[in-house]
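Since the structure comes first, as structure tokens, the remarks are kept for the end.
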Amino acid sequence: MLTYVITLVALAGFGAPVAAQPRAPFSVGSTSVPAGQRVDLDLAVPPGATDGPTRVPVTVFHGVAPGPVLALTAGVHGYEFVPILAAQRLLARIDPQTLHGTVVLVRLAHVEAFEQRVPYVNPFDRKNLNRVFPGRPDGTQAERIAWAITTEIIRRSDLHVELHGGDGAEWMEPFAGPYGGPLAAAQYAQARTMALAFGFRNVITYEMKTQAQVDSGRSLNRQAVADGKPTVLVEIGQNGQRDVASIEALVAGLENLLKTLTMTGGAPTPPRDDTRWFTGSAEATATTTGIFTPVATTGRAVTKGQLIGTVTDYAGREIERIVSPVDGYVMYGLAGPPVRAGEAVVTIGIPPRN
Ligand SMILES: [Zn+2]
């Protein structure tokens, strides 16, 4: 279906006369959106056995002309504010009267986590929404939110971009992450094009090699892989901050993505020629619980064995020195100070093997 849609766009070209036949409406939940209109709606998430109802605020921009259905999802983690605020800013930047295709913008996937200022997990079931896809219609709240997004957003879209950032106590250097590997091979070329449209220096290709990798603790990106959609992870912002420069960089990236997909007019900025490529990532993990002090909280190259940070107990005694398990580029990590045994303190991009 995707190939067919993109062929249509290529044939029509942006700015070509729109066909006389109006496009069919696009539906999300119980809401039908006519061509050429923007509709803000709440996807209802009904109550469960142990927790209450919630909603997923979504905006549909259903363009006047044919084109792909692009899903943009923000706020799966409710304490990652840069994507959530970028989604707000994007609202005024898309005109369905000139748009080719359809943008389905999930403005805030995890309302309860946002309103209660809870990083990582759902405040009621304590589950990480980004590990419970596809979810269940009769599960706990995180699982029911996941089910609504899977069935009403991902499976109704052709392309997907998942917007994250550093969570409550995480520093982060921005990156884009197209999904590839044998299980997403057919979708990779499109995902790669989409990832490069953001203009970030760092690009990590997530190689999906086994079905278990797609299935265990399934994230929203992996759900899109399972449903056969080209999908990209975009990470920008850090430490639960409202960082205007990062918000603007993300909005600029999203606007360039729309141009690159010929959903909006104007020449896109081409991919930068100094992209740093990584093939997957590794983690350095704490084996003790206590107070973590990182060596640095910025992106940087590291070598295997290089010190990443230390853990002290609550009496101030050093109990662990954490070192990098690989050569690579430290992309994001824990700013600290709390750390528990078994937690990753940094994620390290692995350069491709030559
Ligand atoms: Zn996140």
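The values are calculated or read from the model by the stated rules, or taken from the named source; none is laboratory data. Please read all numbers here as calculations on a predicted model, not as lab measurements. All Cβ positions, glycine included, derive from the backbone under ideal geometry; neighbour counts span all protein chains shown.
Quick check: anything in the stretch 280-297 away from the ligand (no atom under 16 Å from the Cβ), at pLDDT below 95 and surrounded by fewer than 19 Cβ atoms within 10 Å (Cβ to Cβ)? For the stretch 280-297, residues away from the ligand (no atom under 16 Å from the Cβ), at pLDDT below 95 and surrounded by fewer than 19 Cβ atoms within 10 Å (Cβ to Cβ): present. Do we find that A252 is in a helix (DSSP H, G or I), over 18 Å from G299 (Cα atoms) and at pLDDT 95 or above in this structure? Spelling it out, A252 is indeed in a helix (DSSP H, G or I), over 18 Å from G299 (Cα atoms) and at pLDDT 95 or above.
Within the stretch 2-43, being within 25 Å of the chain's Cα centre (by Cα), among the hydroxyl-bearing types (S, T, Y) and modelled with pLDDT of 95 or more holds for S27, T31. Look at the stretch 152-165: where a residue is hydroxyl-bearing (S, T, Y) and a partner is within 16 Å of the ligand (Cβ to nearest atom), sitting 6+ places away or on another chain with Cβ atoms under 9 Å, you get S157/A224. Just one of the numbered conditions (1) away from the ligand (no atom under 16 Å from the Cβ); (2) buried (at least 22 other Cβ atoms within 10 Å of the Cβ); (3) within 24 Å of G78 (Cβ to Cβ) is not true of M194: (3).
The conditions of being buried (at least 19 other Cβ atoms within 10 Å of the Cβ), in contact with a strand residue (DSSP E or B) (Cβ under 7 Å, 6 or more places away or on another chain) and part of a helix (DSSP H, G or I) are not met by I204.
Test D227 against the criterion of being acidic (D, E), touching a residue at least 24 places away in the same chain (Cβ under 8 Å) and closer than 23 Å to V330 by Cα, and give yes or no. Here the answer is no, as D227 does not meet what is asked.
So that you can scan it fast, the table gives a plain yes or no per residue for (1) farther than 17 Å from V121 by Cβ; (2) within 13 Å of the ligand (Cβ to nearest atom):
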| residue | (1), (2) |
| --- | --- |
| P137 | yes, no |
| T140 | no, no |
| R144 | no, no |
| A148 | yes, no |
| R155 | yes, no |
| H160 | yes, no |
| L163 | yes, yes |
| A169 | no, yes |
| E173 | yes, no |
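Scanning the stretch 157-173 for residues that are within 15 Å of the chain's Cα centre (by Cα) and of a type in the set (A, V, I, L, M, F, W, C) returns L159, V161, L163, M172. Under the condition of being away from the ligand (no atom under 16 Å from the Cβ), part of a helix (DSSP H, G or I) and not polar (S, T, N, Q), which residue from the stretch 62-112 is surrounded by the most Cβ atoms within 10 Å (Cβ to Cβ)? This residue is L90. Applying the criterion of being of a type in the set (A, V, I, L, M, F, W, C) and in contact with a Lys or Arg (Cβ under 9 Å, 6 or more places away or on another chain) to the residues of the stretch 226-248, the residue that is farthest from the ligand (Cβ to nearest atom) is A226.
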